[in-house]
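Only one structure is covered here, and it is reproduced in the block below.
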Amino acid sequence: MAILIFTMLVFGTVGILRRYIPLSSAVIAFTRGAVGALYLALRQICRRRPLIASLSRKSLGLLIVTGMLMGLNWMVLFEAYNYTTVSCATLLYYMQPVLLMLGCALVFKERLTLKNIFLAACGFFGMVLVSGILSDGLPDAGQRKGMVLAFLAAVLYAAIVMINKRMDQADPYEKTLVQLASAAVVMIPYLLLTEDLSAVSFDPKGWALLLLLGIFHTGFTYSLYFGCIGSISSHTIAVFSYVDPITTLILAAILLNESMDAAGIAGSVLIIGSALLNQVQLRRE
């Protein structure tokens with residue numbers, strides 16, 4: 001249990017860390033995937049375990065697709081942090097369980113109950129409150145862009161989970177290794193087409209933080225997470241997964257001086273509450 005809480009606390013610092021890395025979101029997403037995949041590959045080799053032996057051809061193909069979506073998801077979310085507050089981006093990103101519920105109903109024809117619909121409505125109303133539209137009117141162009149990017153990141157993550165639902169059971173380390181490697185690979189053509197790599201500045205502090213993100217926050221912490229969830233109930237995992245956004249909100253308030261008005265706080269409760277209740281229900285089914 002302590003390891004699960006620790007991993008959620010670590011994941012909750014990613015948004016804060018991104019603010020201190022003076023590199024483009026694409027470079028960060030590529031490096032995170034590449035370094036995280038390298039860490040997991042070395043872990044498997046040192047433990048004399050196969051890299052992808054347990055994966056069927058179908059699973060391997062789906063993992064490559066979800067890995068590519070993961071890379072795009074990271075890039076979009078990291079970019080959202082540049083345009084809106086870490087708190088706002090994090091809360092909109094945690095619309096993902098509600099989006100997952102609606103997506104499964106649309107794609108897989110899963111039944112929606114009145115409780116599901118009510119939770120979805122609460123989540124979307126919470127999103128309206130967090131956006132500040134009701135109290136301050138429409139946010140400026142930059143803020144709107146950040147909100148749209150954070151919501152798009154939530155859509156991408158929900159798509160990843162939906163694809164994972166159709167995947168065969170396999171070793172979680174092997175699955176994550178393929179996904180992280182694919183996340184890095186999908187960034188390569190984007191970087192070559194959109195980034196002037198020769199102009200990328202070498203800031204020792206920024207690159208040190210980037211390596212920290214790849215090695216510690218991704219490779220090492222993912223290993224801890226997958227190593228502990230096998231012995232913990234899905235209900236407990238669902239509940240404690242919300243240590244992540246709460247940690248982000250607290251750190252954003254302390255380190256970045258981000259504050260919320262009463263409407264924003266109410267919206268936060270609605271988003272996290274509806275997402276938590278919905279995720280607990282999904283894991284029970």
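The values are calculated or read from the model by the stated rules, or taken from the named source; none is laboratory data. The structure displayed is predicted, hence computed values, not measured ones. Please note: Cβ atoms are built from the backbone with ideal geometry, for glycine as well, and neighbour counts cover all protein chains shown. Please note that ligands, DNA and RNA were not included when accessible areas were found on the heavy atoms of the full protein model with its side chains. Shrake-Rupley method; radii C 1.70, N 1.55, O 1.52, S 1.80 Å.
A few remarks follow.
- Test: residue in the range 94-117 that is touching a residue at least 12 places away in the same chain (Cβ under 8 Å), aromatic (Phe, Trp, Tyr), buried (at least 20 other Cβ atoms within 10 Å of the Cβ) and closer than 20 Å to Ile271 by Cα: yes
- Of all residues in the range 128-137 being of a type in the set (A, V, I, L, M, F, W, C) and closer than 18 Å to Met95 by Cα, the one that is modelled with the lowest pLDDT: Ile133
- Beta carbons closer than 9 Å, at least 6 apart along the sequence or on distinct chains, pair a first residue in the range 179-207 that is closer than 18 Å to Trp74 by Cα and of a type in the set (Val, Ile, Thr) with a second that is open to solvent by 70 Å² or more (accessible area, probe 1.4 Å) and assigned to a helix (DSSP H, G or I) for Val185/Met68; Val186/Met68.
- Taken together, Ile45, Ile28, Ile16, Ile21 contain a single residue that is among the β-branched types (Val, Ile, Thr), more than 24 Å from Asp244 (Cβ to Cβ) and either open to solvent by 10 Å² or more (accessible area, probe 1.4 Å) or within 21 Å of the chain's Cα centre (by Cα) (or both), which is Ile45.
- Residue among Leu38, Leu9 that alone is open to solvent by 70 Å² or more (accessible area, probe 1.4 Å), assigned to a helix (DSSP H, G or I) and closer than 13 Å to Thr218 by Cβ: Leu38
- Between Asp203, Asp196, Asp261, Asp244, the distinction of being charged (D, E, K, R), open to solvent by less than 50 Å² (accessible area, probe 1.4 Å) and at pLDDT below 90 belongs to Asp244 only.
- For the range 52-70, a residue qualifies if it is open to solvent by 40 Å² or more (accessible area, probe 1.4 Å), assigned to a loop (DSSP other than H, G, I, E, B) and either among the charged types (D, E, K, R) or closer than 11 Å to Lys175 by Cβ (or both), and the qualifying residues are Ile52, Ser54.
Listed here are the residues, each with its yes/no results for (1) more than 24 Å from Leu106 (Cβ to Cβ); (2) of a type in the set (Gly, Ala, Ser); (3) part of a helix (DSSP H, G or I); (4) modelled with pLDDT under 80.
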residue	(1), (2), (3), (4)
Gly126	no, yes, yes, no
Pro139	yes, no, no, yes
Lys145	yes, no, yes, no
Ala153	no, yes, yes, no
Tyr157	no, no, yes, no
Arg166	no, no, no, yes
Gln169	yes, no, no, yes
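- Filtered by the rule that a residue be β-branched (Val, Ile, Thr) and assigned to a helix (DSSP H, G or I), the range 75-124 gives Val76, Val86, Thr90, Val98, Val107, Ile117.
- Residue match in the range 30-48 (condition: at pLDDT 85 or above and closer than 14 Å to Phe151 by Cα): no
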